[in-house]
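Report on one structure; see the data block that follows.
The values are calculated or read from the model by the stated rules, or taken from the named source; none is laboratory data. All values reported here derive from a predicted model rather than from experimental measurement. Ideal geometry is used to build each Cβ from the backbone, glycine not excepted, and the neighbour counts take in all protein chains shown. SASA here: full protein model, heavy atoms, side chains in, ligands and nucleic acids out. Shrake-Rupley method; radii C 1.70, N 1.55, O 1.52, S 1.80 Å.
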Amino acid sequence: MPWILLVLAGLFEVGWAIGLKYTDGFTRLWPTVGTVAAMAISLGLLGVAMKSLPVGTAYAIWVGVGAVGTVILGIVLFNEPTNALRLISVGLIVAGLVGLKLASP
């Protein structure tokens, strides 16, 4: 269960990272409310997951899920550049996440 909560926390991190773009510098009310809510949920889920997972592993997975998801949505939603080096780099992050999961008790 803590791993599921951790992945959900990472997905909410993606939500608030992407949401920041839509807040227009926190000048748009509803995108700002959604972004702040996603931040709170993300951190709350991370905190609950850390009760039974090692802090270093949990934090790295949370950041990694957020980073990979944000890069992918940045490409899809905002037409950010896609090139081989960028995709390989994202793949290395995913490989690191899998390695941390396999190395965790």
Kindly establish whether MET50 is touching a helix residue (DSSP H, G or I) at 6+ places or on another chain (Cβ under 7 Å) and either surrounded by 15 or more Cβ atoms within 10 Å (Cβ to Cβ) or not aromatic (Phe, Trp, Tyr) (or both). yes
In segment 16-33, which residues are open to solvent by 40 Å² or more (accessible area, probe 1.4 Å) and in contact with a helix residue (DSSP H, G or I) (Cβ under 8 Å, 6 or more places away or on another chain)? TRP16, LEU20, LYS21, TYR22, ASP24, PHE26, ARG28
Sole residue being closer than 21 Å to GLY99 by Cα, modelled with pLDDT of 95 or more, among the aromatic types (Phe, Trp, Tyr) and in a helix (DSSP H, G or I), chosen from TRP62, TRP30, TRP16: TRP62
Filtering segment 68-105 down to residues that are under 27 Å from SER52 (Cβ atoms), touching a helix residue (DSSP H, G or I) at 6+ places or on another chain (Cβ under 8 Å) and open to solvent by less than 50 Å² (accessible area, probe 1.4 Å) yields VAL68, GLY69, THR70, GLY96, LEU97, SER104
